[in-house]
Amino acid sequence: MKKPLIPILLVLALVAVAYLLLPKGSHSFYGTRLLNPKPVDFVLEGPQGPVRLSDFKDKLVLIFFGYVHCPDVCPTTMLALKRAYEGLSPKEQERVQVVFISVDPERDTPEISDQYAKAFNPSFLGLTGSPETIQEVARTFGVYYQKTQYRGPGEYLVDHTATTFVVKEGQLVLLFSPDKVEETEKVVRDLQALL
């Protein structure tokens, strides 16, 4: 009768030890956490000249690829990022940089891209680059984009990936899909866990 009890007690003891060894207060991420963070870097054009992602190595960088003439997903996502950013304390905000990257360099100059980003929050940064550079940076992040409904020069839409990418210390660590980025409180908690 006592023999079957020993393995059960052993398993219970192992479970108890494992529980005690677990880090307390570990955060369960709402966004998609990358198990193998990917090193990323780029140089794009800002309103004051070249900007390198690694310039922000001490900050948590939230990156969204879009375009200024975007009728729906871009303003919606940028508003969601504004709400999340403003949900952080001022001290936390100092350690976060939101970057908007235009995938429409034909129409969006660095100045126009930056004005667009700053319309959501003055601390946000808008960047772009040559078509070749944008293509290379988009490929690094796995971003798809393509002109659609072309009606002539300057009259078209751009289909594009609408994911928000979170970079910490030069590593891509977290992704927010368009529906997830709308959940402000959960996004704020994820960002605070990474800070």
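S26 to E132: extension gain in nm, 0.36 nm per residue of separation minus the Cα-Cα distance? Working shown, then result.
On the way: separation 106, 0.36 × 106 = 38.16 nm, distance 4.13 nm.
Once the chain is fully extended between S26 and E132, it gains 34.0 nm.
Once whole DSSP H runs in the chain are found, which of them have Cα atoms spread over 20 Å or more along the helix axis and a mean Kyte-Doolittle score of at least 1.6? Mind showing how you got there, number by number?
Working: long enough: 5-21 (24 Å, 2.98).
Span-like helices, by this rule, are 5-21.
What does the accessible area per residue of the chain come to in Å², with a 1.4 Å probe and no ligands, DNA or RNA counted? Intermediate values should be presented prior to the final figure.
Values: 11020 Å² over 195 residues.
On a per-residue basis, 56 Å².
Quick check on the chain: helices-only [θ] at 222 nm, where DSSP H runs of length 4 and up contribute -39,500 (n - 2.57) each and the sum goes over total residues. Nearest 500, please. Intermediate results must be reported in sequence, preceding the final value.
Working: 6 runs with 68 residues, N = 195.
My calculation for the chain gives -10500 deg cm²/dmol from helical runs alone.
Let me see the pair-distance distribution of region 99-166: every alpha carbon pair, 5 Å bin width, integer percents in order.
Distribution as computed: 4, 17, 24, 26, 21, 8, 1, 0 percent.
Would you mind pulling out the separation of the Cα centroids of region 105-163 and region 87-102, in Å?
20 Å
Which links in K59/K118; K59/K91; K57/K186; K38/K82; K38/K168 stretch past 20 Å when you go from one Cα to the other? Let's see the in-between values first.
Numbers: K59/K118 18 Å; K59/K91 12 Å; K57/K186 24 Å; K38/K82 25 Å; K38/K168 10 Å.
The pairs that break the limit, which is 20 Å between Cα atoms, are K57/K186; K38/K82.
For region 57-113, which chymotrypsin sites (Phe, Trp or Tyr not before Pro) are in a loop by DSSP, counting at most 10 other Cβ atoms within 10 Å? Numbers along the way, then the final one.
Details: sites: F64, F65, Y67, Y85, F100; in loops: Y67.
Here no chymotrypsin sites (Phe, Trp or Tyr not before Pro) fit, given the DSSP loop and packing criteria.
Under 10 Å, Cα contacts only: if you run a Gaussian network model on the chain, which one of K82, K38, K59 comes out with the highest mean-square fluctuation?
K38
Using only Cα atoms, figure out Rg for the chain and give it as a multiple of 2.2 N^0.38 Å. List each step's numbers first, then the result.
Values: Rg = 21.2 Å, N = 195, 2.2 N^0.38 = 16.3 Å.
In units of the globular-protein estimate, the chain measures up at 1.30.
Which percent of the accessible heavy-atom area of the chain goes to carbon and sulfur, probe 1.4 angstrom? Walk me through the numbers before you get to the answer.
Numbers: 6430 of 11020 Å².
That fraction is 58 percent.
The values are calculated or read from the model by the stated rules, or taken from the named source; none is laboratory data. All figures in this text were calculated on a predicted structure; none of them were measured in a lab. Reconstructed Cβ throughout: ideal geometry from the backbone, glycine too, with neighbour counts over all protein chains shown. Surface accessibility is based on the protein's heavy atoms, side chains included, excluding ligands, DNA and RNA. Shrake-Rupley method; radii C 1.70, N 1.55, O 1.52, S 1.80 Å.
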